[in-house]
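Single-structure report; data block below.
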Amino acid sequence: MSPLQWRKSSFSTGDSANCVELAADSVGTPHLRESDDPEVVISTNPAALRAFLRAAKAGEFDRIEG
């Protein structure tokens, strides 16, 4: 298996160490990580990632408290 080619979020600036990165493997499985903790990788499926991105763009996570 070839190494993943990580891409930074377009909202990241410069060499910031706190950005979201995305990669897809050879079969199209999306993987996400934070650049400040690159060993922790979340794998999902394309439909779930699309749903998450739609919800984030719609502001559904703006008021999460925890």
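The values are calculated or read from the model by the stated rules, or taken from the named source; none is laboratory data. Predicted model, so just to flag it, every value in this text is computed and none were measured. No Cβ is skipped: glycine too gets one built from the backbone with ideal geometry, and neighbour counts run over all protein chains shown.
Considering segment 44-66, and only residues there that are assigned to a loop (DSSP other than H, G, I, E, B) and small (Gly, Ala, Ser), the residue that is farthest from the chain's Cα centre (by Cα) turns out to be Gly66. Annotation for segment 8-20: no member residue is modelled with pLDDT under 95, out of contact with any Lys or Arg (no Cβ under 9 Å at 6 or more places or on another chain), aromatic (Phe, Trp, Tyr) and outside any loop (DSSP other than H, G, I, E, B).
Taken together, the residues in segment 21-43 that are surrounded by 14 or more Cβ atoms within 10 Å (Cβ to Cβ) and in a strand (DSSP E or B) amount to 10.
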